[in-house]
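This report concerns only the one structure given below.
Where a number appears in this text, it was derived from the coordinates with a stated rule and is not lab data. Source: prediction; values computed, not measured. Cβ placement follows ideal geometry from the backbone for every residue including glycine, while neighbour counts extend to all protein chains displayed.
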Amino acid sequence: MITRSASETNGTITEFEGYDEPGIGPPFHVHFKQEEGVEVIKGRMRVKTTQKEFVLSEGEQYIFAPGEAHKFWNDGDGQLKFKGYVKPSLNYEFFIEHVYRSANEAGDDKPAPFDAAFLLTRYKSEFDILEIPKPVKAIVFPVLLTIGRMIGKFRIYKGAPSPL
């Protein structure tokens, strides 16, 4: 849930709060042009980057540098509550809103294939979900984009912000 939006900060930062059940968290991903910070409010968060893996407890925080691939998840028995930020905001709010909408509709932790193809292709200079194999992005995504355009699958993205 966004607690302070880009429109409130002139695009300098987006702040958010999140809740995850045990074992749940976003997929391995990267923000190429943004710093992301997370802080545990309640529970335990396991954090994994390409270089290390560690646990954050209540009150502890970590800042991911732009380009630092990462994932984090609830490493405890109860609900994890955390807060964080992404700066600068860029297209984060649009991207994350649609990633989570699609994942929730698909009942998964990743967006549905057509949505993933659209979002990760359009915003490839800003974000990537690394759990989706490169051959899928190189071979399957272009096919999904073509079919999706033909059948009107991407109408939901009318008015999407331009990629950077």
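Quick notes on this one:
- Over the C-alpha trace of the chain, radius of gyration and Dmax come out as 15.9, 49 angstrom.
- Distance between the modelled labels on E21 and M1, one decimal in nanometres: 1.8 nm (7 Å Cα→Cβ projection).
- The lysines within cross-link reach of K81, meaning a Cα-to-Cα straight distance under 28 Å and a gap of 8 or more places when in the same chain, are K33, K42, K48, K52, K71, K110.
- Anchor K83: aspartates and glutamates whose Cα lies under 17 Å away (excluding residues fewer than 8 positions away in-chain): E15, E17, D20, E21, E35, E36, E39, E58, E60, D75, E93, E97
- Shown for R122, R4: other C-beta atoms within 10 Å of each C-beta, ranked fewest to most, produce the order R4, R122.
- Summing Lys and Arg as +1 and Asp and Glu as -1 over all other residues whose Cβ lies under 10 Å from the Cβ of P22 gives a net charge of -3.
- Its Kirkwood hydrodynamic radius, worked out from the mean inverse distance over all distinct Cα pairs, puts segment 2-87 at 13.0 Å.
- Look at V30, V55 and count the other Cβ atoms within 10 Å of each Cβ; fewest to most, that gives V55, V30.
- In the chain, helical runs assigned H by DSSP with n ≥ 4 each contribute -39500 (n - 2.57); averaged across all residues and rounded to the nearest 500, the mean residue ellipticity at 222 nm is -7000 deg cm²/dmol.
- As a proxy for reagent exposure, E15, E58 were ordered by neighbouring Cβ count within 10 angstrom, fewest first; the result is E58, E15.
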